Amino acid sequence: MIFQSVLAVSKIKKSVKKKPSVSKKTAAKKVTKKTAAKKVTKKTAAKKVTKKTSKPTIKKSTKQQRTKVICISHKEDCDGISSAALIRQAFGGDAILVDYPGQMEALNQVVLDEKLKSLFICDLGLSKKTQDEFIDIMTRLRKNKVSVTYIDHHDIDPDVVKALLKIKVKVIHDINECTAVLTYTAFKSKLNDHASFVAACAAITDYMETRPLGAKLLQIYDRQFALISATVMTYNIVGRQREPDYLQYLVEELADSRFPHDIPNTYEFAQIQVEKLSQMIAKVKVGLKTMTNLGHMEILDAGASGAVNFVMGLSGKDVGVAYKERVDHGIYAVSVRGSKDCKVHLGKIVNLLATSLGGSGGGHDKACGAVIPKPKIKKFITELNKKIK
Ligand SMILES: [Mn+2]
């Protein structure tokens, strides 16, 4: 990829400050555009190609030293964004923010980057469907002497950890804390005081602020202050999934130790989001369907993850499923939540079930997600209903 080497030379450092930009770009090409956006002040996607070719000097040598740091992180929640911010503060470099459908595409991209020196992968769980390809890509990276650190807290096949350790991928994995807290703990010496706040906010939004490390970080701060900050941040992340430049900007601002309330318009944007959520409650009440063991609903005009808690709560069942079609991928993005009374490990069940239907999925015991081929969504729900008795 030509633009990869262009970027490589432009040597992005964390001191390069970008203006907040509100982008109207479509999500489709996000992975590649994002990094490209860095040095380009006027970021219109269409212009990229011409800019690239207009700097022919940059591409002359393929035998350049590896200098680049990249963090591939989960873009859909505060934990992923915060983890990317912490990596950026500690190591510099660029973030590539992805969702699960885009995860492998991003990995397959960076593997081709001849300037890549060090790769961090954060808050992106693996499933039966993706783990083999993941190990494969990691093996290629390691053959190129790229340093790889995988930081995550989703349920993982122990054999995958073994395989990764064998090829000397650094694995920081603990299902008991959120990824940002794990990142903070691992690289504390390279981070400033504010980083603990970023990690604490991530713990809150991942329901992990009562875990040993998460709780310790949260108690540094006023609880209410941390709660509102984490929540506002989350609404900005969830509501701006189609604005890759904004998410990128958020990573940079957090890495620069800005509080969410100091980032322009975050509270105003959150206000709009809560209004939408209150409308969602009304919609779920109407559109909700129930089976013996779960409530489910197709979501048309918002993210599935924003609706799933209402689906579970309003259905009176211990499991809620919300699913949204991703037309560009021919799949449904599925969100699953369990109540406190849900005794099964939803992440494990969903991992197996999604894989058997040609999709992928997994996650935590009471919060997980899946990518299901469009024609299999009905089967997914009926089978899940059977398996969670
Ligand atoms: Mn997480």
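Each peptide in 205-211, 300-306, 88-94 gets a packing score, the mean of other Cβ atoms within 10 Å over its residues, and the list from highest to lowest is 88-94, 205-211, 300-306. From most to least packed by mean Cβ count within 10 Å, the peptides 231-241, 258-268 give 231-241, 258-268. Please list, by residue number, everything in region 281-302 whose backbone N is under 20 Å from a paramagnetic label point 7 Å out along Cα→Cβ of residue 105. Answer for this model: 302. List, in the order given, every pair from 283/366; 75/289; 170/276; 324/389; 117/366; 283/389 whose Cα-Cα distance in the structure shown is over 32 Å. In this structure, 170/276; 117/366 exceed 32 Å between Cα atoms. Give the distance, in whole Å, between the Cα centre of region 286-311 and the Cα centre of region 358-381. Distance between centres, Cα-based: 14 Å. At R0 = 35 Å, how high is the FRET efficiency between residue 326 and residue 215 if r is their beta carbon distance? Nearest 0.05 is fine. Calculated transfer efficiency: 0.45. Its relative contact order, with pairs defined as Cα atoms under 8 Å and 6+ residues apart, puts region 243-389 at 16 percent. The largest-to-smallest principal axis extents of the Cα set in region 287-387 are 35, 28, 20 Å. Packing around the peptides 271-282, 101-112, taken as the average count of other Cβ atoms within 10 Å per residue, puts them in this order, highest first: 101-112, 271-282.
Every number in this text was worked out from the coordinates using simple rules, so none of it is lab data. What you see is a predicted model; the values in this text were computed from it and never measured. Neighbour counts are summed over all protein chains in view; Cβ atoms, including those assigned to glycine, are modelled from backbone coordinates with ideal geometry.
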